[in-house]
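Trainee: First, the structure itself, so that you have it in front of you.
The values are calculated or read from the model by the stated rules, or taken from the named source; none is laboratory data. These numbers were taken from a predicted model, which means no experiment stands behind them. So basically every Cβ, Gly included, is an ideal-geometry build from the backbone, and we count neighbours across all protein chains shown. For accessibility, only protein heavy atoms count, side chains too; no ligands or nucleic acids. Shrake-Rupley method; radii C 1.70, N 1.55, O 1.52, S 1.80 Å.
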2 protein chains.
Amino acid sequence: MSYLSVGVSPGNVPVSHGNNLREVDRKIRLVELVLRCVIFGVAIVSTVLIATDTQVKEIFSIRKRARFTDMKVLIFMVVVNVLAAGYSLVQLVRCGVSMIKGSVLFSKPLAWAIFSGDQNVEILAYLMLSAVAASLQSAIYAQYGEADLQWMKTCNLYKKFCNRMGEGIVGAVLVCLSMVCLSGISAFSLFRLYDDDSSTGKCPT
Amino acid sequence: MSYLSVGVSPGNVPVSHGNNLREVDRKIRLVELVLRCVIFGVAIVSTVLIATDTQVKEIFSIRKRARFTDMKVLIFMVVVNVLAAGYSLVQLVRCGVSMIKGSVLFSKPLAWAIFSGDQNVEILAYLMLSAVAASLQSAIYAQYGEADLQWMKTCNLYKKFCNRMGEGIVGAVLVCLSMVCLSGISAFSLFRLYDDDSSTGKCPT
């Protein structure tokens, strides 16, 4: 792996060291697979938690229903979560096909294509981060209010609604962090190709 | 440059083509320099616009002063803006020294160090994006209110304050976009080293 042995040609690496590197390489690819699974699973859970969150309150005989659509930013969050889940599903299918057919991703152009694909992870991570930051800000206003601007707390009225929404946002934070890690791993995988032409884009075997 | 000619060894590139690539390379390095200047200048302007923004209103004989500290997220924005300006200043000084001393950044370890440094741009870009997203969300609430949550508009009271804050946030968006571009250019510059050992990290000559 180039980023652990820049400037060391494969022929100069002792066999035991080479085996260690192969082991680290296998572990990195396993981490990639786990991250893609985490993104897919958690994005689905987060979407369901947010999109189905609702609570009805009766205030002076007026029934009021809190819904995630009351905060426009949560609609944006749900859309980005669905995009993240869809993207990860496509990557997992690609990974599954590659595991069944064997290691088919030796070529540099294909590695570049995967790297470009993982730039979508970075774009999605940026989108997710925007949604998470804006949602967190809204959640803080809802939880604590903003006295200087006379924005009142709403979470003391809709406690159950707020708690579930908080769980959804925590899920989105996890998805966002996983995407950032995945994007970093993808970039390093491309660097590896330039010292050692093996294993980039493969799924763990 | 590797990302325009992957798989083409330097020896096989016709001279005129090589000259074209050198020209493109020079332009990319110029864009890098311009981006660093933009980040430094706009981050300073944005910080000043936000941190000095204030407006006094008399409501029923009560004097009320609007300040950027009324929204906690704007304090976060100012801190990140200052970090961005400081980082860009350091990089510009490095660039200036390199231009005076000549092209000193031929080595891979040094290119890696610069690349690692530009990962700070990515971290700063993530921080800036969080601050911008949260501030924009707060600005939307301040401008339009959120009827469902009974959060009232405040910008019809503090029009001048809000306009200036908006200009500050637009500046921060520009800084954030410049950082994302710079981070991408930095990653590609490192790739270049693996096909062609020249010019990475140099300042335009």
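Trainee: One decimal, nm, shortest first: give the distances between the label point of residue B:94 and those of the same position in the other copies, each label point 7 Å from Cα along Cα→Cβ.
Mentor: Computed spacing set for this position: 3.1 nm.
Trainee: Would you tell me the accessible area of residue B:167, worked out with a 1.4 angstrom probe on the heavy atoms of the protein chains, in Å² to the nearest 10?
Mentor: 110 Å²
Trainee: Treat each spin label as a single point 7 Å out from the Cα along the C-beta direction, and report the residue B:120 to residue A:163 distance in nm.
Mentor: Going by the 7 Å Cα→Cβ label model, 4.4 nm.
Trainee: Which whole-Hz couplings ³J(HN,Hα) result when phi for each residue of segment A:157-166 is put into the Karplus expression 6.51 cos²θ - 1.76 cosθ + 1.60, θ = phi - 60°, listed in order with x for Gly and Pro?
Mentor: 8, 10, 4, 4, 4, 5, 4, 5, 4, x
Trainee: At 7 angstrom along the Cα-to-beta-carbon line, where would the label on residue A:27 sit relative to the other copies? Give the distances in nm, shortest first.
Mentor: 4.5
Trainee: Across peptide A:36-49, how many C-beta atoms of other chains are within 10 Å of each residue C-beta, on average?
Mentor: 0
Trainee: Quickly work out the residue B:28-to-residue A:65 label distance, labels modelled 7 Å from Cα along the C-beta direction, and quote it in nm with one decimal.
Mentor: 5.5 nm
Trainee: Hey, another quick one. Can you compute 3J(HN,Hα) from phi for each residue in segment B:64-72, using the Karplus curve 6.51 cos²θ - 1.76 cosθ + 1.60 with θ = phi - 60°, rounded to whole Hz and x for Gly and Pro?
Mentor: 10, 10, 8, 9, 5, 6, 5, 10, 4
Trainee: Let me cross-check residue B:54: its accessible surface, 1.4 Å probe, with only protein heavy atoms counted, in Å² to the nearest 10?
Mentor: Solvent-accessible area, nearest 10 Å²: 50 Å².
Trainee: OK, next. Going down the list A:160/B:159; A:27/A:72; A:159/B:57; A:57/B:160; A:72/B:159; A:72/B:27, which pairs span over 31 Å between their C-alpha atoms?
Mentor: A:160/B:159; A:27/A:72; A:159/B:57; A:57/B:160; A:72/B:27
Trainee: Treating the point 7 Å from Cα along Cα-beta-carbon as the label, what are the nm separations from residue B:170 to the other copies, to one decimal?
Mentor: Nearest to farthest, the other copies are at 4.0 nm.
Trainee: Ordered by residue, what ³J(HN,Hα) values in Hz, to whole numbers, does segment A:79-90 give under the Karplus form 6.51 cos²θ - 1.76 cosθ + 1.60, where θ = phi - 60° and Gly and Pro are x?
Mentor: The phi angles translate into 4, 5, 4, 5, 4, 4, 5, x, 4, 5, 4, 4 Hz.
Trainee: To the nearest 10 square angstrom, how much accessible area does residue A:62 have with a 1.4 angstrom probe?
Mentor: 110 Å²
Trainee: Determine the shielding of peptide A:129-140 by partner chains: average, over its residues, the number of Cβ atoms on other chains within 10 angstrom of each Cβ.
Mentor: 6
Trainee: Can you give the accessible area buried between chains B and A, summed over both chains, with a 1.4 Å probe, in Å² to the nearest 100?
Mentor: 3300 Å²
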